[in-house]
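The structure under discussion appears below in the form of structure tokens.
Just so you know, all these numbers are worked out from the coordinates, no wet-lab data involved. This is a predicted model, so every value here is computed, not measured. With ideal geometry, Cβ positions are generated from the backbone for all residues, glycine too; neighbour counts draw on all protein chains shown.
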Amino acid sequence: MLRASTLRAFVFLVQGGARRAYQEKAQTVLGGIFLGLTLFIFSQLWVALKESSVTFSALQPRDFVWYLMLTELVVLSTPRVFFAVQEEITSGAFDVRILKPFPPPLIYFAGACGELLVRLALMLVVGTVVTYAIVGAPPSDCLGLLEGYLLVPFACVVLLLFYLAIGLTSGWIHDTIPLTWVFNKSMFTLGGLMVPLLLFPDILRFFAYATPFPALLYLVARGVFGSSVAGFLTALLALVFWGMVAAGLSLVLYKRLLQLRIR
């Protein structure tokens with residue numbers, strides 16, 4: 001009975017997050033416009049690089065654009081839940097939530113999942129239409145694009161869990177903006193947001209794979225350059241592993257924060 005009621009509460013919170021995202025759809029539309037501009041600018045850049053660089057000559061510019069579309073989907077679709085968590089902790093609203101039977105981290109996570117559903121659906125349509133309009137053709141490996149579409153929601157959820165953990169640190173550092181800045185810049189660079197890791201020097205690529213960032217971006221989108229069952233399973237397992245790490249980190253931080261508040 002308790003499990004059924006918990007599930008109903010979780011679904012109710014997800015629906016609430018979805019309604020909130022729909023009501024704030026102007027922000028999502030602006031994100032779609034930003035996505036379109038980014039894809040157009042980088043499509044022109046990669047065409048120029050292909051003409052002037054031996055490294056890029058063997059690769060299709062349209063594949064880079066589809067790759068960027070998938071990585072940007074993850075980044076732009078995932079709600080910045082750390083802002084809401086930080087605000088509740090610093091304002092004292094978190095102290096009220098811990099008195100309720102439903103744990104606060106699950107409340108934040110469920111609401112953000114609802115927002116994610118709406119934002120991802122819109123971004124997926126906009127990204128696909130705009131990318132096809134820019135390059136005029138699907139990627140060289142259409143199966144790799146399908147794999148990317150399947151992996152993007154998992155990557156968004158894992159990134160959401162990391163954002164949740166960052167938000168919970170505000171119980172100690174109060175302002176999470178510096179930590180968020182470091183995390184996002186590291187993800188953009190080591191995750192291969194705009195430049196795939198296959199173009200990285202070996203030593204930098206080795207270092208990147210020791211972090212969760214390639215699993216969030218590069219492994220999700222690399223299939224457009226050439227798909228394989230092994231590559232898809234590797235990406236999926238990496239997301240499951242880092243998702244467990246992020247969830248475990250959030251749980252530890254919540255328990256420590258709970259002890260701190262009770263004292």
- Residues with beta-carbon under 13 Å from that of L193, excluding L193: net charge, scoring Lys, Arg +1 and Asp, Glu -1? +1
- Query: Dipole of the range 63-217, Cα-centred, from +1 at each Lys and Arg C-beta and -1 at each Asp and Glu C-beta, to the nearest 20 debye?
  - Reply: 180
- Query: Each residue of the range 196-202 in turn: what ³J(HN,Hα) in whole Hz from Karplus with 6.51, -1.76, 1.60 and θ = phi - 60°, glycine and Pro shown as x?
  - Reply: x, 5, 5, 9, 6, x, 4
- Message: Run the numbers for T234 and T211: contour at 0.36 nm per residue of separation, minus the present Cα-Cα distance, in nm.
- Response: 6.8 nm
- Task: Output ³J(HN,Hα) for the range 69-80: one whole-Hz value per residue in order, computed from phi by the Karplus curve 6.51 cos²θ - 1.76 cosθ + 1.60 with θ = phi - 60°, and x for Gly and Pro.
- Result: 4, 5, 5, 5, 4, 5, 5, 7, 7, 7, x, 7
- Query: Put +1 on the Cβ of every Lys and Arg and -1 on every Asp and Glu Cβ in the range 2-262; which of T71, C156, V126 then has its Cα farthest towards the positive end of the dipole?
  - Reply: C156
- Query: Going by a ≥ b ≥ c, the root eigenvalues of the Cα gyration tensor, does the range 103-232 fall in the rounded group (a/c under 1.5), the prolate group (a/b larger than b/c) or the oblate group?
  - Reply: oblate
- Message: Suppose the chain between Q259 and I98 were pulled fully straight at 0.36 nm per residue; how much longer would it get relative to their current alpha carbon spacing?
- Response: 56.9 nm
- Query: Quick one: if the Förster radius is 35 Å, what FRET efficiency do W172 and L198 give, using the C-beta to C-beta distance and rounding to 0.05?
  - Reply: 0.35
- Along the range 210-219, Karplus-curve 3J(HN,Hα) (6.51, -1.76, 1.60; θ = phi - 60°) to the nearest Hz, with x for Gly and Pro, reads 7, 10, x, 5, x, 5, 6, 10, 4, 5
- With a ≥ b ≥ c from the Cα gyration tensor eigenvalues, square-rooted, and the rule rounded for a/c under 1.5, otherwise prolate when a/b > b/c and oblate otherwise, the range 2-262 is prolate
- Note on the structure: Listing M244, M194, M187 by rising number of other beta-carbon atoms within 10 angstrom, fewest first, gives M244, M194, M187
- Expressed as a whole number of Å, what is the distance separating the alpha-carbon centroids of the range 184-209 and the range 61-127? 23
- Treat each spin label as a single point 7 Å out from the Cα along the C-beta direction, and report the F188 to V129 distance in nm. 2.7
- Rank by packing, highest mean first: peptides 195-204, 226-235, with packing defined as the count of other Cβ atoms within 10 Å averaged across residues. 226-235, 195-204
